[in-house]
1. Over the protein assembly as shown, what number does the Rg to Rh ratio reach, with both radii from the alpha-carbon atoms and Rh per Kirkwood?
2. Take the Cα pairs of segment B:334-418, get the Kirkwood Rh, then feed it into Stokes-Einstein at 37 °C and 0.692 mPa s and tell me D in µm²/s.
3. Grab the beta carbon distance between A:LYS83 and B:GLN306, set R0 = 30 Å, and tell me the FRET efficiency rounded to 0.05.
4. Given a Förster distance of 41 Å, report the FRET efficiency between B:TRP67 and A:GLU29 from their Cβ-Cβ distance, rounded to the nearest 0.05.
5. Wrap a convex hull around the Cα atoms of chain A, take a quarter of its surface area, and give that in square nanometres.
6. Can you find, among A:GLY10, A:ALA23, A:THR81, the residue sitting farthest towards the positive end of the charge dipole of chain A, where Lys and Arg contribute +1 and Asp and Glu -1 at Cβ?
7. Under a point-charge model restricted to the Cβ atoms of Lys and Arg (+1) and Asp and Glu (-1), what is the dipole moment magnitude of chain B relative to its Cα centre, in debye to the nearest 20?
8. For chain B, what does the equivalent ellipsoid look like in terms of its semi-axes, each the square root of 5 times an eigenvalue of the Cα gyration tensor, given largest first in whole Å?
Amino acid sequence: MLYIKCPHCGWRSQNEFSYGGDATVKRPELGKEVTDQEWDDFVYNRKSLRGKHWELWQHLSGCRQWIKVERDTATHEIFKTLKASEEIS
Amino acid sequence: MQKYSIFSLIKNAISNHENWDLAWKDPSPKKEYDVVIIGGGGHGLATAYYLAKEHNITNVAIIEKGWIGGGNVGRNTTIIRSNYMHDDNALFSEFGMDLWRRMSQDLNYNVMFSPRGIINLAHSDAQMNVYARRGNSMRLNGIDAVLLNREQVREIIPMADFSENVRFPIFGGLMQPSAGTARHDAVAWGYARQADSMGVDIIQNCEVTGFDVVGGKIKGVRTSRGDIKVKKIGLCVAGSTNILAEKLNMKLPIETHLLQACVSEPVKPVLDRVVTFGAGHFYISQSDKGEMVMGGDLDGYNSYAQRGNLPTLQHVLTEGIAMMPFLSKLKMLRTWGGIMDMSMDGSPIIDKTHIEGLYLNCGWCYGGFKATPASGWTFAHTIAQDRVHELNAGYNLNRFNTGYLLDEKGLGTKTWIS
């Protein structure tokens, strides 16, 4: 069982969260000319890292806020959590 | 190679089974090969076998980081089916069903193919309509499909919950009578033994550390057991696809996720079909040893762990008990996990790449095991002829760019939603 520290509510079990995928994927800027390749990278292509991975989770059965979590995809160790508005350093 | 038969069995019984030949050799890598297959799982072994058998290419090496058959071919729930609606999936899978039916004879190895039939349960009128549509599509593609009503399902699987006050009553189901199961390890070992006998080198404990790409062409592969010169490489590494893609500076529409399975303690024969729950994601069959073999949802987040967490297992087994209440009385014997190469439309990729001589076989999601022979056959064709076969033309990498997705389930790009 993962044990995730919600930046708003504190430590909560994995059961309260739902997953939202890679947090480093950025939508191409609005109004900018977008190539097929850029759109592909945004919609489909993923690095799917083995090791440290920044990802989005939603505290669905809690405060309902989206958060960012840095987790190891091989060991499940969680290093850091951020509010969705905070930048990954 | 020693042929397995009743006579070889008797002969070896007399010498206390101490003189059987090794099923495959343990060679050191040569300096150069015509083709290198990376990944000694079911698909990689099958690819090497069909390269040798169908295309007479025998200067081939299979490179495996661990031991052959130790990944998903040794971790699945052994279900074989072709109950797909879209033409590309249906024709590919049905081609595979033909190979499954002949496999034990072809490989001279008993893979214990058991065409016991699969039943997908329906729990609403709407779902019955969807299954009728899928069944009709299957029959148009020459695949057997039977739509069962509630009473017909009850006759086949009376142990399911047919009581009145249940959350998901059984309305009926769609059955593919020719679907079934097979002994998963035997599939890997059978392909390995035959490939080896035709001259393929099976090299275990050999990790790929890098690639030599010059001018957009494959020149070689670097491994923990030395560099190998080669012009064609087939990548068959399932959940590790992204790790190797990164070494090639490729980004793929693949995420690696964890899928768990489990078996109960062995019990007397009770279930002679494969059954899936229609109001969630749960599938079950009974092994020849009597264990109930069960599986369901992904754990739901990127993972390379090859072991699962309890919440998903609880969720999956709750569905199982809702479908067949007697399961609550059984003790769990083992649980395990494997890492799935989840593609962004739920369908696999067997294709050439922008690098000349690099061929890609990945994105099998939940359905890798049943596809083993057809995947190996079409991938061998793609590598040998340097062009895709019509059977795997729909499994191209380009579809994510053009928008011609093969979205059998229509789930979109959230691969963790299952």
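Bear in mind these aren't lab numbers, they're just calculated from the coordinates by the rules spelled out. What you see is a predicted model; the values in this text were computed from it and never measured. Every residue, glycine among them, receives a Cβ derived from its backbone with ideal geometry; neighbour counts consider all protein chains shown.
1. 0.97
2. Once the numbers are plugged in, D ends up at 241 µm²/s.
3. Approximately 0.40, to the nearest 0.05.
4. With a Förster radius of 41 Å, E is 0.25.
5. Approximately 6.6 nm², given one-decimal rounding.
6. Going by the charge dipole, the pick is A:GLY10.
7. The calculation lands at about 440 debye.
8. Here the semi-axes work out to 36, 26, 20 Å.
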